[in-house]
Amino acid sequence: MTSSEEKQNKRKLVSEYYNASQFRIDTWNKLKSTTHQLAAMDTPSEKLREKVRQLIEYLAPVEIYWAFPGPQIVEELIRDEKVADFKILARKVSRIATALLSGEYRRKHIKLDALTDQDIVESSSEDPGGYADFERARSRPYFEVLIVDSFNINKRESQREALRSMRRDEDRFTYSPVFVPSLDDALIAVSLNHNIQSVIIRFGFDLHSENDMPVLNRYIKRARSEDIEEADRSDYGSILADTLAHIRPELDLFLVTDQSVEEVAGTVGNTCRRVFYGSEDFFELHLNILRGIEDRYKTPFFTALKDYSAKPTGVFHALPISRGKSIIKSHWIQDMGEFYGLNIFLAETSSTSGGLDSLLEPHGPIKEAQELTARAFGSKQTFFATNGTSTCNKIVVQSLVKNGDIVLIDRDCHKSHHYGMVLAGANVVYLDSYPLSEYSMYGAVPLRSIKEKLLLLKKEGKLDRVKMLLLTNCTFDGIVYNVQRVMEECLAIKPDLVFLWDEAWFGFARFGPTYRQRTAMYSAGSLRRRLKSDTYAEEYAAFQETMATIDDDDIEAILDTRLYPDPNKARIRVYATQSTHKTLTALRQGSMIHIYDQDYKSKVEEPFHEAFMTHTSTSPNYQILASLDVGRRQVELEGFELVQKQVEMAMRLRQAIRSHPKLSKYFRVLTVGDMVPSKYRQSGIESYYEPEHGWPDIWDAWEGDEFCLDATRVTLFVGETGMDGDTFKNKILMDKYGIQINKTSRNTVLFMTNIGTTRSSVAYLIEVLVKVANEIELRLEDMSPAETKIHQYNVKSIVEDLPPLPDFSCFHEAFREDAAGEVAEGDSRSAFFLSYDADNCEYIRLDSPDLDKAIKEGRDVVSSSFVIPYPPGFPVLVPGQVVSMEIIEFLRKLDVKEIHGYRPELGLRIFTQAALEQETRKRGSGASL
């Protein structure tokens, strides 16, 4: 085989993997299997020896970025293979692979000298989740420290020994060093090695890496600035610090310099935890490394609750269940205590003193926990909530929107937003998302549509009343906005516009470099920095010259132009609500509100406090609050690793379904091209995986496309099975195989990976889908001609005969202040409360010919309630909305069992003509609600 063929095969092998971490673990396992085969042979096979050499060659450039096993042990394996010591080689590789898979290397030093077969058996039989291992891991967590400097081998060993000598029994954490010689290697290391928690940037490193692997080079491509080649070598340290802070902002960075330490400290103060001069204060460096971990590890409220639980107390207050007394004393409910354990009841209290705190007026550990969470998520303020994101949404809306303010909101958002509009008395402008009619779902709202509404409101003299833009990011089906671009162009039209991003399903995104750039808090900070930059000043000046050639009333021309806000007028006012319990570690209903609002202190703090008081229970669940605190600790220390694996699990699932001949016959994973129309995909990416081409680099799509697709949302098209999504979910996945999912559409089911998803669970899902495909195939083979026709009819009805997805019609003039305006903003509050009087409402059945007749004759048929079919799970009708024939046809063709706000035995609840006429007269006289 020629060298070019070898290189091509190597690239082909690597292209089968989504990331280098996945490639690394699988390659070690392949090496384990191959060396075992080799060791068992009386006459070693040269073909197997070549395979072993090849696998080690693949691992060598990857292992320099890890402390275990690391490059020195790889060199040992190369020597063992050369001297044909295959039994020792197999033992070492087996021990390494087992330690990597179980995480044992985090808990103790792995000795590879004088290994016996029994050592391997004992190691393989250890339970990585066992209690003893759990205790050791909990007592002294392990991490790795990256040291960037072009040390020779002797200097590296000297540094390693020096760090080891600093360890003390009282240290709460233990770490191992990883040495890399260049800036590029440092970028690869922090992108690949999730164990790295701290980085020491010294002053002697090079720029380029000697490694040349596609799966590694992509990390450099994403992270390295193009103008670094022209930078002075003395600036490499600060440039690297800024770049690492961008990739993984949670890392503790330390700069060791031979320049004027006082001057350097002034330039890197925002990114580096501390700057050291030369090799002085080596012990101080060690202590600062541990202190940095301690700052992320501490959990103020969880710790306070544990301490409180351990105190002897007498309860002469509420909660008989406190301390478990009402359970322990019971003759009938002790099984509850046996099931939950005693600690949860010891921590159950209504006390806000004794070291605890009040969620409504936090001054102690809750306040500190929220401040630490704000740091982790990049917000200015963060607030905990114990009754879900539905409440968070209402708190934010009530604190910002007053009666009569105009709010632009995507129509297919969560129902809590619609109810929030009612409570606030907002005038609502509903925005339509682009439809995905063939899958009975909606995408997201195009930026052009948002800009058009704002420009029309400006034309009608209503821009001063526009308060907020409310969008869902990401959508339930995984469509993700270009958050910064949306805010930037909207602020060019309305400089003080407030943005509320519903990130209920996107809390994890902050902790993945690719995903982070599309989160609300990151985008807010990034946009604020951008508006202050010299580069932006030049861009804005060029934009002003362009706008000077466009007429202010030429809306189409403005829509075709990239808009830039005035940096002297734009205010960054961004809010995000997250269902932490949905995507991160937290108990059910644990949620957060994140705020990045330049005007929060001057305009919002008091209204927000009142809204928080209005909607927050005076008896919040302390266990939920503690779980939010612990969940924050987890993502700051291992969020990068967990999100990386979450995405990897989704990619493995996509790959398995796409590559399996039987599965691809009856199932299809919807691609980016299926979910996002081409005009919104400037990168041109069509799919996250193709068997012929492997994995494309999705970074460009996430950086520039108007919409992209969250890979952790795997939408499976099931139409070819002849079963609709709801039947497939309930009858097959849940009832038969115990697989739980949430969302379905007419012909799809949605699988979501999360930070708890394992390879075993993905394998089980694939196993189930193969069984289902086999069952379908056998059933089809045994069908009679009549049964075959029925099956074909079912497939056609699910795949082709789909009800058209209706857009929002309009509000009736009785609920509009400006019935003649082009923008149909409506007062849903008046309509909502008008329906409280039963005399104002009547019912009309969907199947009644009177309904068609009334609409054709021009009668105003207006909904008096929210009508929400599941799926798709958003209001098809809201109070005050005109019922169009498109909506009627959609509801008639729906075959879902669950429609909130609709009673089949009675029909649609609508307003009477008399009520509408009376409300119209009130509106004209200014006497409406």
Quick count over the stretch 579-614, residues being closer than 25 Å to residue 637 by Cα, open to solvent by 10 Å² or more (accessible area, probe 1.4 Å) and outside any helix (DSSP H, G or I), is 7
Can you confirm whether the stretch 393-401 contains a residue that is in a strand (DSSP E or B) and either under 26 Å from the mean Cα position of the chain (by Cα) or not aromatic (Phe, Trp, Tyr) (or both)? no
Quick check, is residue 227 at pLDDT 85 or above, of a type outside the set (A, V, I, L, M) and either under 32 Å from the mean Cα position of the chain (by Cα) or within 30 Å of residue 373 (Cα to Cα) (or both)? no
Looking at the structure I just gave you, is residue 440 at pLDDT below 95, polar (S, T, N, Q), surrounded by 22 or more Cβ atoms within 10 Å (Cβ to Cβ) and under 25 Å from residue 873 (Cα atoms)? yes
Near pairs, Cβ below 7 angstrom, 6+ apart or cross-chain, from the stretch 778-794 (over 13 Å from residue 722 (Cα atoms)) to any residue that is open to solvent by less than 60 Å² (accessible area, probe 1.4 Å) and of a type outside the set (A, V, I, L, M): 783/791
Of the numbered conditions (1) crowded, with 18+ Cβ neighbours inside 10 Å; (2) of a type in the set (Gly, Ala, Ser); (3) over 19 Å from the mean Cα position of the chain (by Cα), residue 650 satisfies every one except a single condition; which is it? (3)
For the stretch 430-541, list the helices (runs of 4 or more DSSP H) that sit wholly inside it and hold at least 1 residues that are touching a Phe, Trp or Tyr at 6+ places or on another chain (Cβ under 6 Å) and in contact (Cβ under 8 Å) with a residue 12 or more places away in the chain; which are they? 483-493, 513-516, 520-531
Matching residues, the stretch 297-347, being touching a Lys or Arg at 6+ places or on another chain (Cβ under 9 Å), open to solvent by less than 40 Å² (accessible area, probe 1.4 Å) and farther than 22 Å from residue 363 by Cβ: 297, 345, 346
Yes/no for residue 824 being assigned to a loop (DSSP other than H, G, I, E, B), touching a residue at least 24 places away in the same chain (Cβ under 8 Å), within 35 Å of the chain's Cα centre (by Cα) and buried (at least 17 other Cβ atoms within 10 Å of the Cβ): yes
How many residues are among the acidic types (Asp, Glu) and within 26 Å of the chain's Cα centre (by Cα) when one looks only at the stretch 410-459? 3
Count - residues of the stretch 38-61 that are of a type in the set (Val, Ile, Thr) and either open to solvent by less than 50 Å² (accessible area, probe 1.4 Å) or touching a Ser or Thr at 6+ places or on another chain (Cβ under 6 Å) (or both): 2
Of the residues 316, 283, 276, only one is over 20 Å from residue 177 (Cα atoms), over 33 Å from the mean Cα position of the chain (by Cα) and either among the basic types (Lys, Arg) or at pLDDT below 90 (or both); which? 316
Is one or more of the residues making up the stretch 246-263 in contact with a strand residue (DSSP E or B) (Cβ under 8 Å, 6 or more places away or on another chain), modelled with pLDDT under 90, open to solvent by 60 Å² or more (accessible area, probe 1.4 Å) and on the phi < 0 side of the Ramachandran plot? yes
Could you tell me whether any residue of the stretch 856-863 is over 18 Å from residue 814 (Cβ atoms) and either surrounded by fewer than 20 Cβ atoms within 10 Å (Cβ to Cβ) or hydroxyl-bearing (Ser, Thr, Tyr) (or both)? yes
Given (1) over 30 Å from residue 471 (Cβ atoms); (2) exposed (fewer than 15 other Cβ atoms within 10 Å of the Cβ), identify the lone condition not met by residue 842. (2)
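The values are calculated or read from the model by the stated rules, or taken from the named source; none is laboratory data. Since the model is a prediction, treat every value here as computed from it, not as a measurement. When we count neighbours, we look across all protein chains shown, and the Cβ atoms used for this are built from the backbone with ideal geometry, even at glycine. Just the protein is used for accessible areas: all its heavy atoms, side chains included, with ligands, DNA and RNA removed. Shrake-Rupley method; radii C 1.70, N 1.55, O 1.52, S 1.80 Å.
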